[in-house]
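The values are calculated or read from the model by the stated rules, or taken from the named source; none is laboratory data. These figures come from a predicted structure and were not determined experimentally. A quick note on method: Cβ atoms are made from the backbone with ideal geometry, for glycine too, and the neighbour counts reach across all protein chains shown. Accessible surface areas use protein heavy atoms only, side chains included; no ligands, DNA or RNA. Shrake-Rupley method; radii C 1.70, N 1.55, O 1.52, S 1.80 Å.
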Amino acid sequence: MPWLEVAVATPIATTLTYRHPPSSTVVPRPGLRLLAPLGGRQVTGYLLACLESPPELGGYAIRDLIRYLDPEPLFPAEMVDFFRWLADYYQHPIGEVIKAALPAGLAPQSGRLITLTDRGRETLARLPEPDRPPGKWLASLLKEGRLTAAAIRKLGRSGQGGLLARWEQQGLIVASATAAQDAVGEKTELCLALPPGPGLPSCTRLLSSERRVLALLDELGQAGGQPWLPARLLASHYRGYRKPMRSLAERGLLQLTERSVYRDPFGEPPPVSSPPVRLTDEQEAAMRALAPALAVRRYAPFLLHGVTGSGKTEVYLQATALTLAQQGQGVLVLVPEIALANQIEGDFLSRFGNRVAILHSGLNAGERFDQWQRILNGQAQVVIGARSALFAPLTGLGLIIVDEEHDGAYKQEDGFRYQARDAAVMRAKQTGCVVLLGSATPAITSFYHGATGKYQRLTLTRRVAERLLPAVEIVDLRAVPTVSGRPPLFSPQLLGQIKETLAQGNQSLIFLNRRGFANLVLCQDCGQVLRCGHCQVSLTLHQQSGQLVCHYCGFAMKKAALCPQCHSAHLVPVGFGTERIEEELTRLLPEARIGRLDRDTATGRGQQIAILKAMRQRQIDILVGTQMIAKGHHFPHVTLVGVVWADAGLGLPDYKAGERTFQLLTQVFGRAGRGESPGRVVVQTLNPEHYSIVTSQGHDYHTLYAEELSRRRLLGFPPYCRLVNIRLEGRQAKEVERAAIKLGRLARDEAQALGIGVLGPAPAPIAKLRDLYRWQLLLKGVNLKALHDLSVRLAGVKPAVLGVSAVKLQVDVDPESMV
């Protein structure tokens, strides 16, 4: 059909209509990537549907596509409706939704190509030295006769774009539109093979170098049992192979071809696990509930609430095996963080082998592209990954698993702000498959859905092998006497337990959800705190690297010697992080082997696996870490968990602060006592009476749930309403404030009649981030449609109506964090 519905990868909310290019031989199908004209630009688009007739466009002409970028679709047609729902619900342009879903590097955009004219070559070559622009780009233009799009963008950033515009007007250069190439694609390598037939090719007029190449090819081919050998393998034996190789190929005595190279993301395989001899009674009960839904492939949402160590992963594995037994069905497994993906990989690889693929940001662009292609081609039926694996191009989905479903990391906090857990439930509903949400500490909203019948609850109340949950001791830091009067890093109770555990030959986890050495640096003379110049936050001291780092925008500078305010040299670090905890433990326990797991020590997948492997092999006695050590890990010899400071999240201006604190504490408690020896936990706090601390001590989720419901019912927060946060950002503080106040008035004028509450506007808790000043407006309502309609209208208000020119509005549906 000649008319095509296309989503372009630009901030345009609606889809556009184009014509199939008459000269193209590609059969148009949903999921194809294409290059489309948009104004004077060329942009990437995605084919959503073929139309029987063109829509009414009010006199606008329908343009032809430029070309298709791939011969085959990049995502299955059944995902189109899912992308439409995501764009509508989260109020984000559908083309940018699809761009975010696909592997990075597959959205070439329009650029300009500058070509030198004959007149320009003559004129610019004679420019006197004082009139020549700075840099080497003019010499490159004269030599090559053109400038690439990347070079032109660089000149624009340096303020020399106006010079190019003048030269174009004078006829010295010609500017034309072009589209960049894909930044990622299939990787190939040159391979060689002997021609068919027995023995080596016979030819009396062969040079010795040519004979050597043929002999090596025959020897290596027989040794490896492969007819085609990579040229790089030949090069490792004979560096001078290239010239004789080409000569032999020209005479038909050698065959050459380019073959695909698979970029293996697994590297060192993660630890594998063996299936249990038998399931526990509770695991069998869970499987009895799941099996009928899996057998008929229908939408059925389940919430698996199991205490830490109860064997939730085994239920996932058993459910996956049942699904794969149904021919042509696939399984999607979501985890909140890459560290957990690495952990669960071993379990799934040991059961399902090369049917497993992984998708997460820890892969490089090439590895991610290859994994995507394996899934798309049906070579992998099980996909494991973090948030973005939600978009895996699996067809025939039979099961979606969301592990640690409560985790806030499932929410994308910038750009396309989606909640992967909620979106996974919708994908299951649209596909017609089972979705299994699992957690030891379910989100309050998820447990509420279970209690009200929206989800079917499955429960695992006991640990595997009847192991006991760890005993928890709460230490009130206010009651610990110190010389300075300040709370100590380690109370006598915690330090004593660490020493005892070390003496017993067991392992300890020491948890603090704050990295770095000190969370701020203070001038003793003037009281100035060293702050990030781009954000309204203090810089964190990282002692080992000698840097002060902003944990929000990534700005880093060398450790300051003088106060920028008064130039005093009396700068002191204040506070603590995992780096300082590691240093203090090394000083106090020099005989202990101490490791650390946080974003500073494990920047990639390989480093994470290495640290976790050392822990499992008992090469580490004490592992210090952030929340990266809190979830999902199974260390049988860890008998002690120490929480240095349990109150870190309680002071945040967020209605979920108590829930998150309980979840994080309960998860880290669950790392203790998973082997033969019982576990112990020591929790240091300044708020021992807080309900999240008290309930975590007793592993009492139900009391925590009841307390949270009573507070939220009183204040009108989820699950008793829905939220939409509208954030305004700009570089001028006064402009942002003025726009926020006007938008707040507009919101209140409409909201009252719709039964929608409006909180704010007010500065965001972090009022400046990445050089942008931030205000926000929170909408609360029970009627989801009315709430979304109002937020769409507010987001569409023109800057001129607000009396500003450069303020950006961002809509966050179901916000996870109010910071």
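What to note about this one:
- All strands (runs of 3 or more DSSP E) inside the stretch 506-620 with 1 or more residues being hydroxyl-bearing (Ser, Thr, Tyr): 507-511, 540-542
- None of Pro636, Pro653 is closer than 20 Å to Gly679 by Cβ and part of a loop (DSSP other than H, G, I, E, B) except Pro636.
- Out of Val641, Val668, sole residue that is surrounded by 24 or more Cβ atoms within 10 Å (Cβ to Cβ) and more than 17 Å from Thr441 (Cα to Cα): Val641
- Restricting the stretch 665-706 to residues that are touching a Gly at 6+ places or on another chain (Cβ under 7 Å) and part of a helix (DSSP H, G or I), the residue that is nearest to Trp645 (Cα to Cα) is Ser692.
- Residues of the stretch 464-485 that are in a loop (DSSP other than H, G, I, E, B), open to solvent by less than 40 Å² (accessible area, probe 1.4 Å) and under 18 Å from Gln667 (Cβ atoms): Pro470 alone.
- Among the candidates Pro442, Pro488, residue that is closer than 25 Å to Val694 by Cβ, free of Cβ contacts under 8 Å to residues at least 12 places away in the same chain and assigned to a loop (DSSP other than H, G, I, E, B): Pro488
- Criterion (open to solvent by less than 20 Å² (accessible area, probe 1.4 Å) and in contact with a helix residue (DSSP H, G or I) (Cβ under 6 Å, 6 or more places away or on another chain)) met by exactly one of Ile609, Ile594, Ile629, Ile693: Ile609
- Pairs where the first residue, in the stretch 81-103, is modelled with pLDDT under 95 and the second is in a helix (DSSP H, G or I) and among the basic types (Lys, Arg), C-beta under 6 Å, 6+ apart: Pro103/Arg368
- Test: residue in the stretch 190-206 that is modelled with pLDDT of 75 or more, on the phi > 0 side of the Ramachandran plot and either open to solvent by 80 Å² or more (accessible area, probe 1.4 Å) or in a loop (DSSP other than H, G, I, E, B) (or both): no
Listed here are the residues, each with its yes/no results for (1) open to solvent by 50 Å² or more (accessible area, probe 1.4 Å); (2) more than 26 Å from the chain's Cα centre (by Cα).
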site: Arg514; (1), (2): yes, no
site: His534; (1), (2): yes, no
site: Thr540; (1), (2): no, no
site: Lys558; (1), (2): yes, yes
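- In the stretch 805-819 there is no residue that is assigned to a strand (DSSP E or B) and over 21 Å from Arg417 (Cα atoms).
- Residues considered: Leu113, Leu124. Of these, the only one that is open to solvent by 30 Å² or more (accessible area, probe 1.4 Å), within 30 Å of Gln160 (Cα to Cα) and among the aliphatic types (A, V, I, L, M) is Leu113.
- Any hit, the stretch 716-726, residues being over 30 Å from the mean Cα position of the chain (by Cα) and either under 29 Å from Leu777 (Cα atoms) or open to solvent by 20 Å² or more (accessible area, probe 1.4 Å) (or both): yes
- Scope the stretch 345-363; condition among the aliphatic types (A, V, I, L, M) and open to solvent by 10 Å² or more (accessible area, probe 1.4 Å); matching residues: Leu349, Leu363
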